[in-house]
Each structure stands twice: as structure tokens, then as C-alpha cells.
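Notes for the one structure printed next.
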Amino acid sequence: MARLILLNKPYGVICQFSPSPPHQSLADYVRVPDVYPAGRLDTDSEGLLLLTDSGPLQARIADPKHKLPKTYWVQVDGAPCDADLEPLRHGVDLGDFVSKPAQVRVIAEPEGLWPRVPPVRFRANIPTTWLEVIIAEGKNRQVRRMTAKVGFPTLRLIRAAVGEYTLAGLAPGQWHELRVAAPNPPPVPAAPGRPKQRGRRGPNKAR
């Protein structure tokens, strides 16, 4: 069985265990040896981060080819209508890649949401809107780039779920541990055999 830790990563915490002033690191919250993040979460993003001591499980969670859905609560600048969000449902060109189709909908502010520290800086007289965005990718700052591409910059981003695992019951900085079955490691390819060499005829070989 593998250890799987579900952490509600606070804003401003860098996604590594080694110190990186002025940011706090994961070591300030999870004092468990030999666990590592399965995937990453930007320093200025909050929410669910999974950590494990199993290399195969870490790879399974982090690898986009397994299409593990990631659910985000996204507060954006402005008031997009459904038509504004339609491009995200088909994929948008972000320059270095085209995002895969996402599930996107407008939602109410998530119930029980904690205040961010430091607070989000809002523009006077400009409304904000909460979205639920579900993607199966995880490229660098992808959700922020997607919302900016359609004209609604992200103000606050919280990862609410990764696959079946959610933030439920976790305040910022809190975590709990599960024991889960680890996938089998990929088979190690056999070392190639030595190629047969065509030897030269020795002096005693019949011709």
C-alpha cells in the first residue's frame, strides 16, 4: 500500500520541500519523510495538492495521458456569459499549444470558502465571477492563460479536486493521509543481447 496525502496548499506556498525564501515550502506544513508532490500547483494558486511515497502512483496522478480530471474554482475579473466561455469548451490556442476541450460553467461562490491571505485586489466597479473549470491537462499556468485568452483574467484559483480526491473538510494548511493501492511499476525492458558477430574464418576452418 502507498501513502497518499491530501493537502490544502495555502496561497504563497511553493510546491517543493526545500526552502525558497521568501516563500514558505511544503516542509512548513507536511512533516512526513519520503513523500513528494504528484503534480504541481502554482505558488499563487491554492487548494488540493496530492503527495505520495510511491513513484508509480506519483507518475499515474501527474501524467496527462491518464486523463485524471482536475477541478478548479476560478474567480475571474468581469462577468462572462455562457457564449464568452464557449471557446474554452472547444480548446484555445495559447501560442505554445492548443488546450484540450474543458468543462466550464458559471457557479456561485463556493460554500465555506476561506478568505485569501493576502486578499485579492479587486478593481473598483468591476464585477467578478466564479467559474468551475475541469481539465485533464496540467501545463504551466494553464487555467490562468485560458481565462485570459477569452478576456477574463483569473484573480484567484483554487484546485478543488483531482480525480476522486477533493478538498472536503480541509482548511488551508491542513492535510490528511490515505492508504491506497499503488499501481505496478512499468516493466523494465530487457537489456538487448549482444549482436551476433560474423567471425573471420580461422586458419583451421574448412573452406
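The values are calculated or read from the model by the stated rules, or taken from the named source; none is laboratory data. Please read these numbers as outputs of a predicted model, since none were measured by experiment. Backbone-built Cβ (ideal geometry, glycine too); neighbour counts: all protein chains shown. Only protein heavy atoms, including side chains, enter the accessible area calculation; ligands, DNA and RNA are left aside. Shrake-Rupley method; radii C 1.70, N 1.55, O 1.52, S 1.80 Å.
Structural remarks
- Counting only protein heavy atoms and a 1.4 Å probe, the stretch 64-151 has 59 square angstrom of accessible area per residue.
- For the chain, with +1 on Lys and Arg beta carbons and -1 on Asp and Glu, the positive-most of 104, 178, 38 along the dipole: 38
- Each Lys and Arg adds +1 at its Cβ and each Asp and Glu adds -1 at its Cβ; summed about the Cα centre, the stretch 14-163 shows a dipole of about 180 debye.
- Value of [θ]222 nm, deg cm²/dmol, for the chain, DSSP H segments ≥ 4, -39500 (n - 2.57) each, nearest 500: -3500 deg cm²/dmol
- Among 19, 101, 64, the residue with the largest mean-square fluctuation in a Gaussian network model of the chain, with springs joining Cα atoms closer than 10 Å, is 19.
- Taking the chain as a Gaussian network of alpha-carbon nodes connected by springs under 10 Å, the highest mean-square fluctuation of the residues 160, 108, 124 belongs to 124.
- Comparing 20, 52, 85 along the charge dipole axis of the stretch 6-94, the residue lying farthest to the positive side is 52, per the Cβ-charge model.
- Among 48-55, 170-177, 91-98, 132-139, sorting by the average number of other beta carbon atoms lying within 10 angstrom of each residue, highest first, gives 48-55, 132-139, 170-177, 91-98.
- The stretch 77-141, accessible surface, carbon-and-sulfur percent (1.4 angstrom probe): 53 percent
- About its Cα centre, the stretch 45-118 has a charge dipole of approximately 380 debye under the convention of +1 per Lys or Arg Cβ and -1 per Asp or Glu Cβ, with nothing else charged.
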